[in-house]
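Student: Once you've had a glance at the structure underneath, I'll fire off some questions.
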Amino acid sequence: MNLKEMIIGLEGLKVKGDLELDIKGLESNSKQIKKEFLFVAIKGFDVDGHQFIGKAIENGAIAVMVEEGCDLKALAIPEGITIIMAKNTREALAIVSSNFYGNPSRNFKLIGVTGTKGKTTTTFMIKEILEKAGKNVGLIGTIATYVNGKKVKDSDRTTPESLELQREFAQMKEQGVEVVVMEVSSQSLKLHRVDGCEFDIVLFTNFSEDHISPKEHPDMEDYFNSKLKLFQMCKVGIVNTDDLYGAKIPKLFPDSNIVTYGIDNFAKMLAKDITITNSYVDFKAKITDRNERIKTCIPGRFSVYNSLAAICVAQKFGISPEVVKEALASVRVPGRSELVDNKKEIPIMIDYAHSPESLENILQAVKSYTRGNVISVFGCGGDRDTGKRPIMGEISGRIADFTFITSDNPRTEEPEKIVSEIEEGMKKTKGKYKVVVDRTQAITEAIQMANKRDIIVLAGKGHEPYQEINGVKHPYDERIIVKEIIDKI
């Protein structure tokens, strides 16, 4: 592609050299650079890409993009290499990537979902509804990327870097995708990963304290303002009006077409007559012109909110209530309050909760609607934050009726050491517990203990299909493990 065409939409550029170059590709990683590529130098948190310009040119770069403020003399870029200086190379990378791949998001409907919690479940619900309505759908999020009903790759972050994102969009366009639904993290908005995307609908689930750190957001205001950027990129929004921050959004964007949903406060899409059990939720909501009874097999009050958000999207597409109801009744989200069907009919939930806050949230949620006992099975990952181990032990001891402390990705640490540190927190409570280091044995004993009124929460692994021990990822899918245990019993 002509380099001059690639930089359309970028303002305030300074250029030295020929812009009439035919660029074969672009990268921000010098190792990926090939002959006749553009190299975009990104100043990261730990590594400055400007240090690798020489290597990029060695590998075949014929043009480089640098950021204002860099020392051009020190970089010693050879004559004949085109230099483009941008105010912000992260922002520039997003625009240039979109241009290079033909602005693919203009070729399908793009739905962006942001919020502290609920992004993953809500995107899966939307995907299920759209697919049941006969549409070709792409999904990009925390768990994986899906195209037309097939998982194409696992994810290593919620929202990909801009170059990778535009490349995926282009591939989806080639495969006939009509709608893409994606999770949009606050970090991706702050770091310009979704610049150049043309959103049709944006959605805000909720907002609470998270991601406050030197490498993420300095404070809650910055965190919230980063999420608001999504509403600056679209005129059609869907917002949870029960959320304190979400309720502010319609007033902040008075010129936008914003639909509200909720349970407790006035909203266009309201849930009424709610029933929550340990295996499903159901409620009434007005779809088109009549009240419909909606059921989804993802238990918890949060599921009502996520369902309402997905219903609002369905209405924007004119999808019938029958399709919406069928989709929400059948949707399953890997590792997110995921109930495992089993012939003993014991509620067994797999959830990714692997931090103190997430473990507390899931245990309190199931406690609120379970008539019997809450049986918690969890561990903590090795080579990670050791301080959370006793905290999580204390949380499970305080909320669950019985806890099995076990192993979860010990990596290079001794599993016995990890569980003993969890146990220190457990001892501060009056909670009943047992230490069973072997995770499969712990799950087996939990199943043998439980009945249909109880619920077993297998926390920590979620969608992960492996157990990491000493640098080796051994196959370990808890859905398969549960089935094998119950078949033996």
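The values are calculated or read from the model by the stated rules, or taken from the named source; none is laboratory data. What you are looking at is a predicted structure, and each value in this text was computed from that prediction instead of being measured. Cβ placement follows ideal geometry from the backbone for every residue including glycine, while neighbour counts extend to all protein chains displayed. Ligands, DNA and RNA are excluded from the accessible area calculation, which covers all protein heavy atoms including side chains. Shrake-Rupley method; radii C 1.70, N 1.55, O 1.52, S 1.80 Å.
Student: How high is the relative contact order of the chain? Use alpha-carbon pairs under 8 Å, at least six apart in sequence, and give a whole percent. Could the numbers behind the result be given before it?
Tutor: Details: 1067 pairs, mean separation 48.4, N = 489.
For the chain, the relative contact order is 10 percent.
Student: Given axes a ≥ b ≥ c from the Cα gyration tensor, I'd like to know whether region 51-109 is rounded (a/c under 1.5), prolate (a/b larger than b/c) or oblate. Show your work: numbers first, answer last.
Tutor: Details: a/c = 3.23, a/b = 1.95, b/c = 1.65.
In terms of gyration-tensor shape, prolate.
Student: With labels modelled as points extended 7 Å from the Cα through the Cβ direction, what inter-label distance (nm, one decimal) is found for Lys251 paired with Lys55?
Tutor: 5.1
Student: List the equivalent ellipsoid semi-axes of region 137-227 in whole Å, largest first, each obtained as the square root of 5λ for an eigenvalue λ of the Cα gyration tensor.
Tutor: Details: eigenvalues 131, 33, 30 Å².
Semi-axis lengths for region 137-227 are 26, 13, 12 Å.
Student: Can you give the angle from 0 to 90° between the axis of helix 119-132 and the longest principal axis of the chain, with both taken from C-alpha atoms, to the nearest 10?
Tutor: It is inclined by approximately 90 degrees.
Student: Please tell me the relative contact order of region 309-447 in percent, rounded to the nearest whole number, where contacts are Cα pairs under 8 Å and at least six residues apart. Intermediate results must be reported in sequence, preceding the final value.
Tutor: Working: 203 pairs, mean separation 27.4, N = 139.
Dividing the mean separation by the residue count of region 309-447 yields 20 percent.
Student: What is the diffusion coefficient of region 240-376 in µm²/s, taking the Kirkwood radius over Cα pairs and the Stokes-Einstein relation at 10 °C with a viscosity of 1.306 mPa s? Show your work: numbers first, answer last.
Tutor: On the way: Rh = 16.2 Å.
After rounding, the answer is 98 µm²/s.
Student: Taking amide hydrogens as modeled 1.01 Å from N in the peptide plane, which residues meet the under 5 Å criterion relative to Thr260, leaving out close sequence neighbours?
Tutor: Excluding prolines and chain starts, which carry no amide H, the hits are Val239, Lys268, Met269.
Student: Ok, one more. Given (1) 25.4; (2) 24.4; (3) 26.5 as candidate values of Kirkwood radius over Cα pairs in Å, which corresponds to the one derived from the coordinates?
Tutor: Of the labelled values, this structure produces (2).
Student: Principal axis lengths of region 358-489 from Cα atoms, whole Å, largest first?
Tutor: The Cα atoms of region 358-489 stretch 41, 37, 21 Å along their principal axes.
Student: Can you tell me the FRET efficiency between Glu68 and Lys235 if r is taken as the Cβ-Cβ distance and R0 is 30 Å, rounded to the nearest 0.05?
Tutor: Using R0 = 30 Å, I get an efficiency of 0.40.
Student: Once both labels are modelled 7 Å past Cα along the beta-carbon direction, what's the Ile480-Asn148 spacing in nm?
Tutor: 2.7
Student: Run the accessible area of region 234-380 with a 1.4 Å probe and give the carbon-and-sulfur part as a rounded percent. Working shown, then result.
Tutor: On the way: 3030 of 6220 Å².
Looking at region 234-380 in its full context, I get 49 percent from C and S.
Student: Taking the Cβ-Cβ separation of Asp487 and Asp385 as r and a Förster radius of 45 Å, what is the calculated FRET efficiency to the nearest 0.05? All intermediate terms of the calculation are to be shown ahead of the outcome.
Tutor: On the way: r = 36 Å, r/R0 = 0.81.
After rounding to 0.05, the efficiency reads 0.80.
Student: Another question, if that's okay. Give me, ordered by chain and number, the residues 5 or more places off Glu292 or on other chains with an amide H under 5 Å from its own placed amide H.
Tutor: Amide H to amide H, under 5 Å and 5 or more residues apart or across chains, Glu292 pairs with Ala285, Lys286, Ile287.
Student: Using the Cα centre as the reference, give the magnitude of the dipole from point charges on the C-beta atoms of region 1-120 (Lys, Arg: +1; Asp, Glu: -1; all else neutral), rounded to the nearest 20 debye. Present the calculation step by step, with values, prior to reporting the outcome.
Tutor: Working: 16 positive and 15 negative charges, 117 e Å.
About 560 debye.
Student: Follow-up question, since we're still on this one. Hey, could you pull the Cα Rg and Dmax for region 1-131, both in Å?
Tutor: 17.5, 56
Student: Leaving out ligands and nucleic acids, and using a 1.4 Å probe, what accessible area per residue does the chain come to in Å²? Write out the running numbers ahead of the final one.
Tutor: Working: 21470 Å² over 489 residues.
Heavy-atom accessible area per residue stands at 44 Å².
Student: Treating the angle as unsigned and between 0 and 90°, give the value, to the nearest 10°, between the Cα long axis of helix 388-399 and the longest Cα principal axis of the chain.
Tutor: So the inclination is approximately 40 degrees.
Student: In the chain, what % of DSSP beta bridges are antiparallel (nearest 5)?
Tutor: Numbers: 29 of 82 bridges.
So the antiparallel bridges amount to about 35 percent of the total.
Student: By how many degrees, between 0 and 90 and to the nearest 10, does the Cα long axis of helix 439-449 differ from the longest principal axis of the chain?
Tutor: Between helix and principal axis, roughly 40 degrees.
Student: Turning to a different aspect of this structure: With θ set to phi - 60°, apply the Karplus curve 6.51 cos²θ - 1.76 cosθ + 1.60 along region 422-429 and write out the HN-Hα couplings as whole Hz, x wherever there is a Gly or Pro.
Tutor: 5, 4, 4, x, 4, 5, 6, 10
Student: Next question, about the same structure. What is region 91-232's relative contact order, in percent, from Cα pairs under 8 angstrom and six or more apart in sequence?
Tutor: Working: 257 pairs, mean separation 50.0, N = 142.
Taking the mean separation of contacting Cα pairs over the length of region 91-232, I get 35 percent.
Student: Mind giving me the FRET efficiency for Ile83 and Asp222? R0 is 30 Å, r the Cβ-Cβ distance, nearest 0.05 is fine. Can you show the working numbers first?
Tutor: Details: r = 32 Å, r/R0 = 1.08.
With R0 = 30 Å, the Cβ-Cβ based efficiency is 0.40.
Student: At a 1.4 Å probe radius, carbon and sulfur cover how many percent of the accessible area of region 390-489? Mind dumping the intermediate values first?
Tutor: Numbers: 2500 of 4750 Å².
Accessible surface attributable to carbon and sulfur in region 390-489 totals 53 percent.
Student: Oh, and also: Can you tell me what the convex hull of the Cα atoms of region 1-45 projects to on average, as an area in nm²?
Tutor: Working: hull surface 15.9 nm².
Its average projected convex-hull area is 4.0 nm².
Student: Considering only protein heavy atoms and a probe of 1.4 Å, how much of the accessible area of region 71-213 is carbon and sulfur, as a whole percent?
Tutor: Values: 2210 of 5140 Å².
Heavy-atom surface of region 71-213 belonging to carbon and sulfur, 1.4 Å probe: 43 percent.
Student: Please compute one quarter of the surface area of the Cα convex hull for region 112-153 and express it in square nanometres.
Tutor: Directional mean of the projected Cα hull area for region 112-153 stands at 2.8 nm².
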